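This report refers to the structure that appears directly beneath it.
Derivation of every value follows stated rules applied to the coordinates shown; laboratory data play no part. The structure presented is a predicted model; accordingly, all values stated were derived computationally and were not measured. No Cβ is skipped: glycine too gets one built from the backbone with ideal geometry, and neighbour counts run over all protein chains shown.
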There are 4 protein chains.
Amino acid sequence: MFGIKFCYHDAMSDITMTHKKLKVGIVGGTGYTGVELLRLLSVHPNVSLTAITSRGEAGLAVADMFPSLRGYVDLAFSDPEKANLAACDVVFFATPHGVAMNQAQALLDAKVKVIDLAADFRLQDTAVFEKWYKMPHACPTLLADAVYGLPELYREKIKSANIIGNPGCYPTTVLLGLAPLLEQGLLDLNAPIIADAKSGVSGAGRKAEVATLFAESSDNMKAYGLNGHRHHPEIHAQLRHLGGQEPQFIFVPHLIPMIRGMLTTLYVKLSAQAQAMDVQALFEKRYQHERFVDVLPAGVLPETRSVRGSNQIRITLHKQADAGYLTLVVVQDNLVKGAAGQAIQNMNLMFDLPENAGLEVVPLLP
Amino acid sequence: MFGIKFCYHDAMSDITMTHKKLKVGIVGGTGYTGVELLRLLSVHPNVSLTAITSRGEAGLAVADMFPSLRGYVDLAFSDPEKANLAACDVVFFATPHGVAMNQAQALLDAKVKVIDLAADFRLQDTAVFEKWYKMPHACPTLLADAVYGLPELYREKIKSANIIGNPGCYPTTVLLGLAPLLEQGLLDLNAPIIADAKSGVSGAGRKAEVATLFAESSDNMKAYGLNGHRHHPEIHAQLRHLGGQEPQFIFVPHLIPMIRGMLTTLYVKLSAQAQAMDVQALFEKRYQHERFVDVLPAGVLPETRSVRGSNQIRITLHKQADAGYLTLVVVQDNLVKGAAGQAIQNMNLMFDLPENAGLEVVPLLP
Amino acid sequence: MFGIKFCYHDAMSDITMTHKKLKVGIVGGTGYTGVELLRLLSVHPNVSLTAITSRGEAGLAVADMFPSLRGYVDLAFSDPEKANLAACDVVFFATPHGVAMNQAQALLDAKVKVIDLAADFRLQDTAVFEKWYKMPHACPTLLADAVYGLPELYREKIKSANIIGNPGCYPTTVLLGLAPLLEQGLLDLNAPIIADAKSGVSGAGRKAEVATLFAESSDNMKAYGLNGHRHHPEIHAQLRHLGGQEPQFIFVPHLIPMIRGMLTTLYVKLSAQAQAMDVQALFEKRYQHERFVDVLPAGVLPETRSVRGSNQIRITLHKQADAGYLTLVVVQDNLVKGAAGQAIQNMNLMFDLPENAGLEVVPLLP
Amino acid sequence: MFGIKFCYHDAMSDITMTHKKLKVGIVGGTGYTGVELLRLLSVHPNVSLTAITSRGEAGLAVADMFPSLRGYVDLAFSDPEKANLAACDVVFFATPHGVAMNQAQALLDAKVKVIDLAADFRLQDTAVFEKWYKMPHACPTLLADAVYGLPELYREKIKSANIIGNPGCYPTTVLLGLAPLLEQGLLDLNAPIIADAKSGVSGAGRKAEVATLFAESSDNMKAYGLNGHRHHPEIHAQLRHLGGQEPQFIFVPHLIPMIRGMLTTLYVKLSAQAQAMDVQALFEKRYQHERFVDVLPAGVLPETRSVRGSNQIRITLHKQADAGYLTLVVVQDNLVKGAAGQAIQNMNLMFDLPENAGLEVVPLLP
């Protein structure tokens, strides 16, 4: 009625409960992506939470650390060594970089699928991985089979994958923002692709650090990572893959005093052909069947709160009067579409569940 | 396993979809309680949203005003005069005080049940109503039949009610905090009941006012309403009803730079009998079957974010070393258990649905 | 000792109190730029606050509206018609656009200097003014004599000016960020100048509007004004003036949940000559004698809180590896260097006071 | 004119620069009270910053850690062992509890006065100190000579003191709120004194801890310390001293998502005599000559931002209709009047400077 693709109520019948429940394990459940997986998976109709590990918190009830989960999660954290992850159907790694690549083979041997929310399986080039993450890659052979878990770009590969490298939060916004143009060669790549990205503070994780204290980061903002952010090579590799040539890519992330939310403003030069096109129509067509990508009507600018707590990503396009440039504004919840929600979307695909199962959470506004 | 009453997964089977869907109308859908009703009702398994009225915004798609609802609500606001509310099973009033009492009779005549989120049906004493709300009560006869919609106290009456006066946000915290004591006469009412209450800014509503601008209320806090807050007489009347005598009641609300959330700290003097009792056990027993009241283990203090977006209320008790006093800390989401969620809980009871239908939303943390 | 230009203590002796105090009037003292003028002027050693007008609040003590000023400002707001502004030495207009241009001539006739914090005297092209501000310019002749009040660029003209058009907040960051390059023709203007600007909410003013309520703009961010922001033509005109040719300029402002603070990220292409230069040294030299422009050491990124409440502007330069691009990050307090502080800096110049008189306020951190 | 005691401009002449500058040292300059001392002392007309120590940051320029101080502080942190603190006139300890008491004697021997912002010299009863701070007191003899640094209560003693125990932030609000009543025996001490206190997050200090991360404490609030907060015995001892008898004291602190600011709501029962008195007049008279205590007009409620960055404390009184109770609302900036500002006020008294020297900072609003 209002140009919205479909409405949840119509889709409800797709989410049946006839599937056998998946047994799900989470390695590293004490960070923000871990608790976000728990929030979503604890009420996912096709999931049975089986094990949540934490070396430091073994024995503690999960709901004692995160009282928001009282009544929803009655597991305790278990020691990684003792957790029977091999009995799971799928294991999520919500761990620091470098953990999943050391445990993946054993799980695969036990027929357990692996979804890594860290960077171990995002970069196919192990030299690049080692440069940015300061460690050798532990399983280059597995890496070659891993799929970059961005469903809107790689859905078919994800369905049959055994290992998913779940994308970084910034890359998700940049890549979904630019894919329709890159796929069709509609950018003038003589000009750099510029991504001015803004993230809420939860993106820095649940680590005790002075820089992300409330009294440091509230009522304050800053740019960071100009000398090199780890998402730069990840985005760069995907841009090259999508566009078929080496891009010039400028990426400046900023820290914003919000808990959640990410807004990326993209500045790109359209090819001569694209300057004459209706790019709004192009985007709407490209994403018309994508449940979680919402191309906003021309002139409507997205706010991060419009996706708070949900797996939605919203995109606005604006052709600049000057210089053949297109500006795109992309918003997502960095912990959902930028992390845990996307990981669950991947799980749904891998197990032939409805892609939106467990992900129809209405954004929390205000 | 961890002292949690029951787990959502076990309860899921209670939420069947065999009920015919209720046709639901909302009068005044542009404020925060309105959009919160929409957030929850749009995915309520037993509800079909039928009409949302707004005099000022008639014709506008609801999702254009609240983009968070894109894909979930495809209605437009309709003119109150033209909306066929009489065809609904139930109508929520998310309007300013004084609206519902003028429209309730016509709806009741059409066999439509009414749930008012404003104050029209909260105060049985019309003189008190007129004093605090500066208007005569339009329908004292209906008022006599209206039920105060606090399910944990008045569940049976609510089930058969046709009109509900949904409680104010502050009263919900004070009354659920004190009911177990008042019901059994365990307070020394020679000492005043003191409620030091703190509310997020959404409690002030979605009105354009300087005092609640971001630049005025961020990084700032204040007390307000010392000369008289409208929730004072509402709480006072219920305290008297529950305790069977006239209480002395001191109430100081404060405005806190949070979007949502309410924390009320209660200071009461226990009777000599109660001072010797295990009040923790008393509370746990009183609320053991209440899905939405969570008595925290002794020593665990609640945070407002632990209920963000959910209908949960959490209570901690602490016996002071001095003076026979008990301190209670009560948290809720002011827009959910303090408004829209409680209204839906009332609707569920009135239509014999599972009390938690549509209300199993895991709190958003962080 | 640490590369800092000079230290406040050494400068203190410059701020003598031997000057006769200036009589200062403020028209429109109830907004954020008004109260900020009052904060700074009330303790300015060379100023005597003489009149503060407000049509709506005439008779109200200023300190009753802004209790932060209790003990510092003992004036009441006066009616604009009755205030004897002609007896002042200088009058600041902290009013909406269109007010100052109607009152300036009368004040000039009375030998009163005028500093307008709105846009009336910022744009020399009256056609551009009328297009963006939707009103004819009331005094084109005076406009021709007005000086654009950016001291670091136009100091000598400001000293002898009678009317100052105080720059907008965004323009101050863009222009001070790019002046050293534009003045020397060091940009490749075939590429667009891109300004991705982020502002705290106080930039929207102290008007009662839903969009800037705490519950709307907290924990949230958005881009706005893509279809045209009024600071675009102001910046564009100055860029053209500084660079000597028509620039391509892309400007995207964003609203950030901070009270104060502005951070502008600039993306520009260096000329071939500049790509080989030490631009860090260029900037340090250009601003070495500027008290309020702080070129940060290479690699140090500024935070907005590092200038909170102060007239300082801080700039970081970063040469991108790709594409010959330079990224600049510029921070200021939008209400101080972006408005009231800069206006006082102009006043100091106009009356031959030390340029930093009344402006040595240490930033409030945390 | 508007009931304000005096205006800054009239007081300016008191702040002469004829005093020889004090040589000031700060031990532990990396926390929030340390940087706040630096903010205020760097522009104090009678102070020369001489040494700032930090074991962990020795050699780092202070302005590199706190860029807000660029141009104001050109010292580097020095190693505590190497800093020549004995050459100072006064040394501030902005250190954890337990540091000052081990270094005080050596400084006193060198004729250096000591102001400790931690708790070492606040509690005269060493048994109480040891119980709450879990360490034996290192210098009970010096403790006996130390003065509790609350100028409005102990001004004369402070003037001649060599060691000051600077009060805690919460105690300052409670004690200045209740002193006029306690001093005259106007409370009914059969009822408990209840202090419901709310603090901004900077009160927790600049330590890397998960609980005070932005993503944990933003948009959230909680009570804490119900089982015993270290300010409880400090307040209790002073209440007993002021009131001349053992009080019953209930204290519940809360953490509020603000950077700075403290608001304490006090609930006390007036004696029969006081119930008949004009307590507003009593307070106004008691504090009429106090520069930093502002008794607000009846009915005006204070906001924390009205004192942001300043040494002001503001108090509102409200007689409850019920029960003979008086409610007081007290606000201060926890880092200024609650810590560094009060310490400087003490220094001014100890060295016979104008009490407000260096402390006339207009609050930052908005």
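Brief remarks on what is shown
- Among the residues of A:257-269, the average count of other protein chain beta-carbon atoms within 10 Å of the residue beta-carbon is 6.
- Per residue of peptide B:245-252, the mean number of Cβ atoms on other chains within 10 Å of the residue Cβ is 4.
- Residues B:Lys198, D:Lys113 arranged by fewest to most Cβ contacts within 10 Å: D:Lys113, B:Lys198
- Annotation for C:Lys159, label-to-label distances across the other copies: 4.9, 7.7, 8.8 nm (shortest first, one decimal, point 7 Å from Cα along Cα→Cβ).
- Among residues other than A:Pro192 with Cβ under 11 Å from its Cβ, the summed charge is 0 (Lys and Arg +1, Asp and Glu -1).
- Counted by Cβ distance under 11 Å from D:Ala86, the other residues give a net charge of 0, where Lys and Arg count +1 and Asp and Glu count -1.
- Couplings for region A:248-261, taken from phi via the Karplus curve 6.51 cos²θ - 1.76 cosθ + 1.60 with θ = phi - 60°, read 8, 9, 10, 9, 10, x, 10, 9, 10, x, 10, 5, 10, x Hz in order; Gly and Pro are left as x.
- Antiparallel %, DSSP beta bridges [both residues in region B:170-334], to 5: 70
- Degrees between helix C:341-350 axis and first principal axis of chain C (Cα, 0 to 90, nearest 10): 80
- Length-normalised contact order for chain C - Cα pairs under 8 Å, 6+ apart - percent: 17
- Taking amide H as placed 1.01 Å from N in the peptide plane, the amide H of A:Asn46 sits under 5 Å from none that are at least 5 places away or on another chain.
- Comparing B:Gly244, B:Gly203, B:Gly25 in a Gaussian network model of chain B (Cα springs below 10 Å), the most mobile by mean-square fluctuation is B:Gly244.
- Taken about its Cα centre, region C:170-334 carries a charge dipole of about 320 debye when Lys and Arg each add +1 at the Cβ and Asp and Glu each add -1 at the Cβ.
- Residue of chain C whose Cβ sits closest to the axis mapping C onto A, with distance in whole Å: C:Asp196, 2
- For region C:154-231: rounded, prolate or oblate by the Cα gyration tensor [a/c cutoff 1.5]: oblate
- When each of D:Lys82/D:Lys131; B:Lys20/B:Lys82; D:Lys134/D:Lys269; B:Lys222/D:Lys337 is checked by Cα-Cα distance, pairs over 27 Å: D:Lys82/D:Lys131; D:Lys134/D:Lys269
- Histogrammed with a bin width of 10 Å, the alpha carbon distances of chain D distribute as 5, 24, 34, 26, 9, 1, 0 percent, first bin at zero.
- In Hz, Karplus ³J(HN,Hα) per residue of region C:102-114 (6.51, -1.76, 1.60; θ = phi - 60°; x = Gly, Pro): 8, 10, 5, 4, 4, 5, 4, 4, 8, 6, 9, 7, 10
- Projected area, mean over directions - the protein assembly as shown, Cα convex hull, nm²: 51.1
- About its Cα centre, the protein assembly as shown has a charge dipole of approximately 0 debye under the convention of +1 per Lys or Arg Cβ and -1 per Asp or Glu Cβ, with nothing else charged.
- Other-chain or far-sequence residues with amide H under 5 Å of A:His97's (modelled H): A:Ala119
- Distant-in-sequence amide contacts of A:Val90, defined by a placed amide H-H separation under 5 Å and a gap of 5 or more residues or a different chain, comprise A:Lys23, A:Gly25, A:Lys113.
- Gyration tensor verdict on region A:82-213 (Cα atoms; rounded if a/c is under 1.5, prolate if a/b is larger than b/c, oblate otherwise): oblate
- When only alpha carbons are used to place a centre, region C:185-242 and region B:271-339 end up 47 Å from one another.
- Mean residue ellipticity, 222 nm, helices only, the protein assembly as shown: the sum of -39500 (n - 2.57) across DSSP H runs of n ≥ 4, divided by residue count and rounded to 500, is -7500 deg cm²/dmol.
- Qualifying lysines (Cα of each under 22 Å from Cα of A:Lys21; at least 8 residues distant if same chain): A:Lys111, A:Lys113, A:Lys159
- Counted by neighbouring Cβ atoms within 10 Å, the residues C:Met258, B:Met221, D:Met135, D:Met350 run from fewest to most as D:Met135, D:Met350, B:Met221, C:Met258.
- Other protein chain C-beta atoms within 10 Å of residue C-beta, averaged over B:68-81: 5.
- Exam field: B:Pro297 pseudo-label spacings to other copies (7 Å along Cα-Cβ), nanometres: 5.0, 5.3, 5.4
- Cross-link partners of D:Lys23 among aspartates and glutamates (Cα-Cα below 13 Å; sequence separation of 8 or more within a chain): D:Asp89
- R0 of 25 Å, Cβ-Cβ distance A:Lys82-D:Ala211: FRET efficiency to nearest 0.05: 0.30
- HN-Hα J in Hz across region D:166-181 - Karplus 6.51, -1.76, 1.60, θ = phi - 60°, x for Gly and Pro: 6, x, x, 5, 4, x, 4, 5, 5, 6, 5, x, 9, 3, x, 7
- Label distances, nm, C:Val128 versus same residue in remaining copies, Cβ-directed 7 Å point: 4.3, 6.5, 6.9
- The convex hull defined by the C-alpha atoms of region A:65-150 has an orientation-averaged projected area of 7.1 nm².
- Footprinting exposure proxy for B:Val43, C:Val252, C:Val91 (fewest neighbouring C-beta atoms within 10 Å first): B:Val43, C:Val252, C:Val91
- Estimated from the Cβ-Cβ distance and a Förster radius of 25 angstrom, the FRET efficiency linking B:Asp125 and B:Asp188 is about 0.45.
- Estimated inter-spin distance, A:Asn227 and C:Ala144, nm [label 7 Å along Cα→Cβ]: 5.4
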